[in-house]
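Asker: Have a look at this one before I ask anything.
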Amino acid sequence: MFDDVAPKYDVVNDVLSLGQTRRWRKVVVEAMGVSAGQHVLDLAAGTGTSSEPYADAGINVIACDFSLGMLKVGKRRRPDIDFIAGDATRLPFADNTFDASTISFGLRNVNEPKKALAEMLRVTKPGGRLVIAEFSQPVVPLWRTMYTEYLMRALPAIAVKASSNPDAYVYLAESIRAWPDQDHLAAWLQEAGWESVTYRNLSGGIVAVHRAQKPADPSTGAAAGAAALAAHTGPVAKLRRNITRPGR
Ligand SMILES: C[S@@+](CC[C@H](N)C(=O)[O-])C[C@H]1O[C@@H](n2cnc3c(N)ncnc32)[C@H](O)[C@@H]1O
């Protein structure tokens, strides 16, 4: 599916997000807090739009994705970025390779997202950071209703005009509705062994940016993740107490 939408992917994205993607991406880069010379994994990087700010800042970014169509469009546009074909659930990198890892609007598309979280933990250095940008649940009920109307009615109609593969955008709307909310995703991160999990809502919760850290001693993180899983027999609320939320 991503091979089909690759040529017009970025333009259609800008139209459908009403120009908000640029602002969202800026927040992600700031949350990463990386500097020139460091090594960053941008997973599910697609055409590399999410990787560009790192390359522009002199950061060694690897844009990894399993769609050759997306990677080809990206490489043509930005030959200076390293594009690598790889599956998020079986990453082709050694343990503790990257100073920080990120995934923008990709985790929801991965068939086994929990495996991807575990793989990102494996390839990130101890103490390294993870930042996830993903569509989420608007927090104010009226805003949520308006947004759901937009997703299910307006978005597919716009996509018919703007995209060569409108079905992909019906899938987009459905996958956003089926995706776990902010707290639930935060709980997945903890279960995977990430610690210091926080998130920030953007555009009223249309998008959430989750941030976490790999334990400095990874065996501590694995133990904490296992404990969180064991405690997680009821509602997600049990884990919420451990989650701090700057700037909701
Ligand atoms: C919506 S695009 C996001 C691209 C880019 N990160 C951005 O912000 O524009 C989602 C990407 O996830 C990729 N993807 C989905 N499942 C994947 C997997 N298991 N491994 C690697 N990439 C995957 C798709 O190929 C697609 O390029």
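The values are calculated or read from the model by the stated rules, or taken from the named source; none is laboratory data. Just so we're clear, the structure is a prediction, and the values are computed from it rather than from any experiment. Neighbour counts are summed over all protein chains in view; Cβ atoms, including those assigned to glycine, are modelled from backbone coordinates with ideal geometry.
Asker: Quick check on the stretch 177-185. Is at least one of its residues in a helix (DSSP H, G or I) and without any contact (Cβ under 8 Å) to a residue 24 or more places away in the chain? Explain how you work it out, then say what you get.
Answerer: Applying the first criterion (in a helix (DSSP H, G or I)) to the stretch 177-185 yields 177-178, 182-185.
With the extra rule that they be without any contact (Cβ under 8 Å) to a residue 24 or more places away in the chain, the set shrinks to 178.
Looking through the stretch 177-185, at least one residue is in a helix (DSSP H, G or I) and without any contact (Cβ under 8 Å) to a residue 24 or more places away in the chain.
Asker: Still on this structure: For the condition free of Cβ contacts under 8 Å to residues at least 60 places away in the same chain and either outside any strand (DSSP E or B) or of a type in the set (Lys, Arg) (or both), what is the one hit in 120, 146?
Answerer: Details: 120 fails: free of Cβ contacts under 8 Å to residues at least 60 places away in the same chain.
146 is the lone residue from the list that is free of Cβ contacts under 8 Å to residues at least 60 places away in the same chain and either outside any strand (DSSP E or B) or of a type in the set (Lys, Arg) (or both).
Asker: Taking into account only those residues within the stretch 174-200 that are among the hydrophobic types (A, V, I, L, M, F, W, C) and at pLDDT below 95, which is nearest to residue 159 (Cα to Cα)?
Answerer: Taking the stretch 174-200 and keeping what is among the hydrophobic types (A, V, I, L, M, F, W, C), we get 176, 178-179, 185-189, 192, 194, 197.
Applying the additional criterion that residues be at pLDDT below 95 yields 176, 178-179.
Values: 176: 16, 178: 20, 179: 21 Å.
Among residues in the stretch 174-200 that are among the hydrophobic types (A, V, I, L, M, F, W, C) and at pLDDT below 95, the one nearest to residue 159 (Cα to Cα) is 176.
Asker: Another question, if that's okay. Quick check on my filter: what residues within the stretch 128-151 are loosely packed, with under 14 Cβ neighbours inside 10 Å and either acidic (Asp, Glu) or at pLDDT 95 or above (or both)?
Answerer: Once the filter is applied, which keeps residues that are loosely packed, with under 14 Cβ neighbours inside 10 Å and either acidic (Asp, Glu) or at pLDDT 95 or above (or both), the stretch 128-151 yields only 149.
Asker: While we're here: Please pick out the residue among 124, 102 that is within 26 Å of residue 217 (Cα to Cα) and in contact with a Ser or Thr (Cβ under 7 Å, 6 or more places away or on another chain).
Answerer: From the options 124, 102, the qualifying one is 124.
Asker: Here is a further query. For the stretch 129-166, enumerate the residues that are in contact with a Ser or Thr (Cβ under 7 Å, 6 or more places away or on another chain) and either farther than 21 Å from residue 200 by Cβ or among the small types (Gly, Ala, Ser) (or both).
Answerer: Of everything in the stretch 129-166, just one residue is in contact with a Ser or Thr (Cβ under 7 Å, 6 or more places away or on another chain) and either farther than 21 Å from residue 200 by Cβ or among the small types (Gly, Ala, Ser) (or both), namely 133.
Asker: Restricting the search to the stretch 50-82, which residues are within 12 Å of the ligand (Cβ to nearest atom) and in a loop (DSSP other than H, G, I, E, B)?
Answerer: Selection gives 50, 51, 66, 67.
Asker: If we keep just the residues of the stretch 123-143 that are assigned to a helix (DSSP H, G or I) and more than 16 Å from the ligand (Cβ to nearest atom), which is nearest to residue 34 (Cα to Cα)?
Answerer: If we take residues in the stretch 123-143 being assigned to a helix (DSSP H, G or I) and more than 16 Å from the ligand (Cβ to nearest atom), then 143 is nearest to residue 34 (Cα to Cα).
Asker: When you scan the stretch 50-83, how many residues do you find that are modelled with pLDDT under 95 and either closer than 21 Å to residue 94 by Cα or outside the structural domain of residue 112 (by TED's automatic domain parsing) (or both)?
Answerer: Within the stretch 50-83, residues that are modelled with pLDDT under 95 and either closer than 21 Å to residue 94 by Cα or outside the structural domain of residue 112 (by TED's automatic domain parsing) (or both) number 0.
Asker: Quick one: in the stretch 26-49, which of the residues that are assigned to a helix (DSSP H, G or I) and either modelled with pLDDT under 95 or within 13 Å of the ligand (Cβ to nearest atom) (or both) is farthest from residue 130 (Cα to Cα)? Write out each step before concluding.
Answerer: Let us first name the residues in the stretch 26-49 that are assigned to a helix (DSSP H, G or I), namely 26-32.
After this cut, where a residue has to be either modelled with pLDDT under 95 or within 13 Å of the ligand (Cβ to nearest atom) (or both) as well, the list is 26-29.
On the way: 26: 15, 27: 13, 28: 10, 29: 11 Å.
By that ranking, first place goes to 26.
Asker: If I ask for residues that are crowded, with 23+ Cβ neighbours inside 10 Å and part of a strand (DSSP E or B), which ones from the stretch 84-106 would you list?
Answerer: 98, 100, 101, 102, 103, 104
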